[in-house]
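The values are calculated or read from the model by the stated rules, or taken from the named source; none is laboratory data. Source: prediction; values computed, not measured. All Cβ positions, even for glycine, are placed from backbone atoms using ideal geometry, and neighbour counts span all protein chains on display. Surface accessibility is based on the protein's heavy atoms, side chains included, excluding ligands, DNA and RNA. Shrake-Rupley method; radii C 1.70, N 1.55, O 1.52, S 1.80 Å.
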Amino acid sequence: MLNVKNVTVRYGEHTIVDNLSFRLHEGQWLMLAGPNGAGKSTLIETISQGVPYTGTIELHGRDIRRYRPNQLARKIGVLAQKNSVGYAYTVEEVVGLGRYAHTPGFLSSRSDGGKDLVEKALELTGLEPLRHSSVLTLSGGELQRTFLAQVFAQDPEILILDEPANHLDLVYQKHIFSLIHEWLRQPGRAVLSVVHDLSLAKRYGTHAVLKNRGKCAAQGAIEDVLTPEHLSGVYDMDVYAWMREMLNQWK
Amino acid sequence: MKSLPERFSWRVYVLFAAALTAAMLLCICVGSVSIPLGNTLTALWHTLWKMEVPAGISKNIILNVRLPRVINVALIGASLSLCGAAMQGLLRNPLADGSTLGVSSGASLGAVISLAFGVSIPGVEYGGTILMAMGFAFLSLILILSLAYALDRSMSTNSIILIGVIFSMFTSSAMNLIITFAGDHAKTIAFWTMGSLSGTGFHHAAILSSALLICGGVILRYARELNAFAIGEDNARHIGVNVRQVKLIILIMVSVLIGVCVSIGGTISFVGLVMPHMTRMIVGPNHKRLLVSSMFSGAIFLLLADLAARTLLSPIELSIGVVTSLVGAIAFVVIFYRTRKAR
């Protein structure tokens, strides 16, 4: 579905993403992992056409730069790492904007089933009771769920999520990741997500790209990438020992 | 907490329209010469149906002096407020208004040059000033957008605001320099820069209403996109808004509208800043409602400000900009204080 070929992103003299290539196929949940500053979020912004880059990104065999913004948004839904709203929009209004790409223009059409998708997105993310609440009154986790609901309402083929577990408590982490897992089971869908929690990556991911200082350190099936050798090399520490130590506290 | 939009209904538009009509009638009736409401309505009714206005009614004051002024004031108030609401949404900044971009400063510079050097169009009162102001507004827009593009190819909001602020400072210095050497014209220039709508006629109303119809219509067409921008520029891109194209169109429309307003009414501050704020408190932030409601509220506010400017120190007429700045600044501080306190 998505083919990233030799993509490089530079900010002045700094190379943030260095000649990166990978493919995302139908049914895959590709986890993008790596330490801070590895260029994971920049890569996501690059795919969503928010950052200038060299190289090629193809979506269904066609250069992504040739898609109009609304065409691209019908194929790819992006959940950013940081979300904030300056004005007192309601949860329903923010989620409803997810239908923009399907009904551009002053009058949003109600005939495309969009209203049902908005309702379903509100229900799935547990936001129904808050639908008329101002987003300014929401907690970080509720706001994160609001933007996730917006992406669901957008009904794309590929979900691109930058730290979807941000601000979520354990209950909602489990709920949201299970939800995405369910979403992925339908045909013609794929997920690319940035995660810092390697346990979540291992539990839900099918494939992974491990990044370090802009470069790809390893990629492939999740069990082949998230190995002690690869992780220790990228994080400069014994990751497995640290995770065992954390877990042993609960014994 | 339930938010404001849930309580919104079409009744709000009806109330706004009724308040606007009342304010317009009040402004026609009250002034150095008071005119009874009945006489005003009779004169307007008879003129509308092309009938002879009955004798004893001050037809000239109503139809040739106050009516065009009132229409112009309402149109400028609506335009400035609409531009403010659009800019506050587009730039996701509640402190933005039509002047943030620096285009109104550019228009003012054009007008000041024409007044200082006596640029005129034969047969058209203040024609030179209007033409120069509009021309400079357009040139300013091109310059600001070119500089913003050269600085940052993505034309980020911060770059545009930064260039706008710097450009405004530059034009302000240039205007002061011109005023220093303007000699006898200095007083006219000073009064014009504070804003005044005395002596404006129906031909000005025709220009203003055409600009509002075209530019305002385009801005209203982009209400959904403005909602997306108000939530966040990145989010707007993610949901499929053509960010650069929409931003460019809105900025051009705002600039043209501001340029026309400044060229006819001078610099009238705070309307575009305060009125969208107050309107947002009534109808919520959704631009589908906010833009139209802001036009109503801006028109009403400027009508009352113009009435105060004409009558407070009568027979001396204050400039309208003095009143809007005084009232607007106080209102803004009160709103800001209350908003902060409520958090």
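Here's the yes/no breakdown for (1) in contact with a Leu (Cβ under 7 Å, 6 or more places away or on another chain); (2) within 14 Å of chain A (Cβ to nearest Cβ); (3) open to solvent by 10 Å² or more (accessible area, probe 1.4 Å):
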residue	(1), (2), (3)
B:CYS261	yes, no, no
B:ILE264	yes, no, yes
B:VAL271	yes, no, no
B:HIS277	no, yes, yes
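Within the stretch B:206-216, track down each residue that is surrounded by fewer than 20 Cβ atoms within 10 Å (Cβ to Cβ) and either modelled with pLDDT under 95 or within 30 Å of B:ALA308 (Cβ to Cβ) (or both). Don't jump to the end; show me each part of the working.
The initial filter retains those residues of the stretch B:206-216 that are surrounded by fewer than 20 Cβ atoms within 10 Å (Cβ to Cβ), namely B:206-207, B:209-210, B:213-214.
B:ALA206, B:ILE207, B:SER209, B:SER210, B:LEU213 - these are the residues of the stretch B:206-216 that are surrounded by fewer than 20 Cβ atoms within 10 Å (Cβ to Cβ) and either modelled with pLDDT under 95 or within 30 Å of B:ALA308 (Cβ to Cβ) (or both).
So A:SER84 passes all but one of these: (1) surrounded by 15 or more Cβ atoms within 10 Å (Cβ to Cβ); (2) hydroxyl-bearing (Ser, Thr, Tyr); (3) part of a loop (DSSP other than H, G, I, E, B). Which condition number does it fail?
(1)
Using the structure shown, decide if A:GLU229 is at pLDDT below 90 and open to solvent by 50 Å² or more (accessible area, probe 1.4 Å).
Numbers: at pLDDT below 90: yes; open to solvent by 50 Å² or more (accessible area, probe 1.4 Å): yes.
So A:GLU229 passes the test.
So which residues in the stretch B:188-246 are among the basic types (Lys, Arg) and at the interface with chain A (Cβ under 9 Å from one of its Cβ atoms), if there are any at all? Outline the logic, then answer.
From the stretch B:188-246, those among the basic types (Lys, Arg) are B:221, B:224, B:237, B:244; that's our starting set.
Correct list: B:ARG221, B:ARG224, B:ARG237.
Scan (1) in a helix (DSSP H, G or I); (2) within 26 Å of B:TRP10 (Cα to Cα) for the single condition B:PRO285 breaks and write down its number.
So B:PRO285 meets the others, but not (1).
Which residues, counting only those in the stretch B:184-199, are open to solvent by less than 10 Å² (accessible area, probe 1.4 Å) and within 18 Å of the chain's Cα centre (by Cα)? Steps first, please.
Within the stretch B:184-199, the first condition is being open to solvent by less than 10 Å² (accessible area, probe 1.4 Å), and the residues that meet it are B:189, B:195, B:197.
Selection gives B:GLY195, B:LEU197.
Out of the residues in the stretch A:135-158 meeting the condition of being touching a Leu at 6+ places or on another chain (Cβ under 8 Å) and within 9 Å of chain B (Cβ to nearest Cβ), tell me which one is nearest to A:ARG185 (Cα to Cα). Give the steps one after another, and end with the answer.
Step one: list which residues in the stretch A:135-158 are touching a Leu at 6+ places or on another chain (Cβ under 8 Å), which gives A:135, A:138, A:141-142, A:144-153, A:155, A:158.
Now narrow it down to the ones that are within 9 Å of chain B (Cβ to nearest Cβ): A:135, A:147, A:150-151.
Values: A:VAL135: 31, A:PHE147: 21, A:GLN150: 20, A:VAL151: 17 Å.
That would be A:VAL151.
Return the total of residues in the stretch A:52-81 being facing chain B (nearest Cβ under 9 Å) and either touching a Cys at 6+ places or on another chain (Cβ under 6 Å) or open to solvent by 40 Å² or more (accessible area, probe 1.4 Å) (or both). It would help to see each step written out before you state the result.
Our first condition is that a residue be facing chain B (nearest Cβ under 9 Å); within the stretch A:52-81, this holds for A:52, A:68-74, A:76-80.
With either touching a Cys at 6+ places or on another chain (Cβ under 6 Å) or open to solvent by 40 Å² or more (accessible area, probe 1.4 Å) (or both) added as a condition, the list becomes A:52, A:68-69, A:71, A:74.
Total satisfying the criteria: 5.
Conditions tested, residue by residue: (1) more than 24 Å from A:LEU159 (Cα to Cα); (2) under 17 Å from the mean Cα position of the chain (by Cα).
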{"position": "A:ASP197", "(1), (2)": "no, yes"}
{"position": "A:LYS202", "(1), (2)": "no, yes"}
{"position": "A:ALA208", "(1), (2)": "no, yes"}
{"position": "A:LYS211", "(1), (2)": "no, yes"}
{"position": "A:GLU223", "(1), (2)": "no, no"}
{"position": "A:THR227", "(1), (2)": "yes, no"}
{"position": "A:GLY233", "(1), (2)": "yes, no"}
{"position": "A:TYR240", "(1), (2)": "yes, no"}
{"position": "A:GLU245", "(1), (2)": "yes, no"}
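For B:ILE35, are the conditions met, namely being more than 16 Å from the chain's Cα centre (by Cα), open to solvent by less than 30 Å² (accessible area, probe 1.4 Å) and of a type in the set (Val, Ile, Thr)? Steps first, please.
Working: more than 16 Å from the chain's Cα centre (by Cα): yes; open to solvent by less than 30 Å² (accessible area, probe 1.4 Å): yes; of a type in the set (Val, Ile, Thr): yes.
Answer is yes for this residue.
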